[in-house]
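Q: Okay, handing you the structure first.
Bear in mind that the values in this text are calculations on the coordinates, not laboratory data. Given the structure is predicted, the values throughout are model-derived calculations rather than measurements. We place every Cβ from the backbone using ideal geometry, glycine too, and count neighbours over all the protein chains shown.
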Amino acid sequence: MQETEYIWINGNLVKWHEAKIHVLTHALHYGSGVFEGIRAYDTGKGTAVFRLKDHLNRLFDSAESLKMKIPYSREEIRKAIKETLKINNLKEGYVRPIVFYGYGKMGLNPEGAEINIAISVWPWPQYIEGEAKVMISSYIRIHPQSLHADRKVTGHYVNSILASIEAKEKDFDESLLLDYEGNVAEGPGENIFVVKNNKILTPPLRKQILPGITRDSVIKIAKGLHYDVLEKDISVKELKNADELFFTGTAAEIAPISQLDEVFFKNHEITNKIKDSFKEIIKGKNPRYEEWLDFV
Ligand SMILES: Cc1ncc(COP(=O)(O)O)c(C=O)c1O
């Protein structure tokens with residue numbers, strides 16, 4: 001990863017290599033942290049953070065699922081993110097706020113452990129380069145009755161790590177996880193979209209997948225381009241009979257899928273239309289969506 005100079009931690013800006021924590025940090029042992037992945041873009045009118053308020057709302061929702069009281073307000077964190085981008089002179093890049101149960105308490109109930117918050121920023125090119133070769137994972141997405149699968153909690157990502165390792169071992173770029181009922185869920189860090197007969201389909205939000213902010217943006221962009229968008233359960237068969245497939249996510253942005261298991265997808269026409277529109281928006285070139293940009 002590409003380092004920057006400063007990390008914001010518990011209200012202070014410290015040098016990148018000095019942003020350290022104790023080995024008995026609760027979250028390190030038990031996965032009791034919540035985080036966000038956000039992007040800032042260099043627009044014609046300066047750097048803007050994409051849908052920052054929505055990311056902060058999701059961070060607070062995630063914290064609430066762990067009964068974690070974040071010791072800063074949304075507005076304070078919003079300001080701290082902008083400050084961290086500015087001090088690092090980062091015009092475009094990735095923003096990673098994390099709130100976690102820290103030192104002071106071992107045992108599973110985190111009550112009594114200190115709550116820490118850190119904000120790091122760094123340059124991070126699109127996570128999936130070009131078109132993705134995807135396999136259907138042998139792991140299923142975490143069950144919503146086992147964990148709050150619609151929240152961004154650090155411990156949940158072991159499920160994503162296992163699916164990613166499996167995909168790399170089998171020479172794929174990425175995996176796709178089904179849910180506990182055998183329907184299509186999502187990638188390890190991306191939501192999935194299907195294009196079929198000019199209609200755009202994506203799995204519904206039934207607390208089994210992360211409510212992606214790029215997913216929501218794509219739904220709005222596609223409707224704005226006059227496509228029908230349907231949030232519905234999708235079977236593997238529908239997926240393999242699709243005209244086009246693509247992933248969405250802050251890190252991956254909009255990534256066309258060229259292969260799913262043994263099936264190849266050569267057509268990315270509608271995916272590319274949506275992607276072009278998304279690119280215009282994040283670069284501040286479409287005034288209709290300017291409210292999605294929070295200028296630094
Ligand atoms: C499991 C999972 N699904 C989907 C996404 C995409 O969400 P977003 O578009 O908000 O980045 C992410 C990334 O945050 C994720 O981790």
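Q: Let me spell out the model: positive unit charges on the Cβ of Lys and Arg, negative unit charges on the Cβ of Asp and Glu, origin at the Cα centre of the chain. What dipole size does that give, in debye rounded to 20?
A: For this selection, approximately 680 debye.
Q: Below 14 Å, Cα to Cα, which aspartates and glutamates can K266 reach? Residues fewer than 8 away in the same chain don't count.
A: Cα-Cα hits under 14 Å: E131, D243, E244.
Q: Where the only charges are on Cβ atoms (+1 Lys, Arg; -1 Asp, Glu), what is the dipole of region 198-296 about its Cα centre, to the nearest 20 debye?
A: 100 debye
Q: Normalised by the number of residues in region 29-78, what is the relative contact order in percent for Cα pairs under 8 Å and 6+ residues apart?
A: 33 percent
Q: Tell me which aspartates and glutamates have Cα within less than 20 Å of K285's Cα, excluding those fewer than 8 residues away on the same chain?
A: Within the straight-line limit of under 20 Å, K285 reaches these aspartates and glutamates: D42, E92, D216, E253, D276, D294.
Q: Additional query: With the contact rule set at Cα under 8 Å and sequence spacing of 6 or more, what percent relative contact order holds for the chain?
A: 20 percent
Q: Compute the relative contact order of region 6-102 as a whole-number percentage, counting only Cα pairs closer than 8 Å that sit 6 or more residues apart in sequence.
A: Normalised by residue count, the contact order of region 6-102 is 42 percent.
Q: Evaluate the charge dipole of region 6-122 about its Cα centre and quote only its size in Debye, nearest 20, assuming +1 on the Cβ of each Lys and Arg and -1 on the Cβ of each Asp and Glu.
A: In debye, rounded to 20, region 6-122 gives about 280.
Q: Another question, if that's okay. Cα centroid distance between region 122-168 and region 40-108, in Å?
A: 21 Å
Q: How many angstrom lie between the Cα centre of region 248-269 and the Cα centre of region 184-235?
A: Each part reduced to its Cα centre gives a spacing of 13 Å.
Q: For a Förster distance of 51 Å, can you work out the FRET efficiency between the beta-carbons of I140 and N89, rounded to the nearest 0.05?
A: Once rounded, the FRET efficiency stands at 0.75.
Q: Which of the lysines could a cross-linker bridge to K79, judged by Cα under 23 Å and excluding same-chain residues fewer than eight apart?
A: Candidates past the 8-residue exclusion: K15, K20, K45, K53, K69, K91, K152, K283.
Q: Projected onto the charge dipole of the chain (+1 at Lys/Arg Cβ, -1 at Asp/Glu Cβ, origin at the Cα centre), which of Y72, L177, F278 gives the Cα projection farthest towards the positive end?
A: Y72
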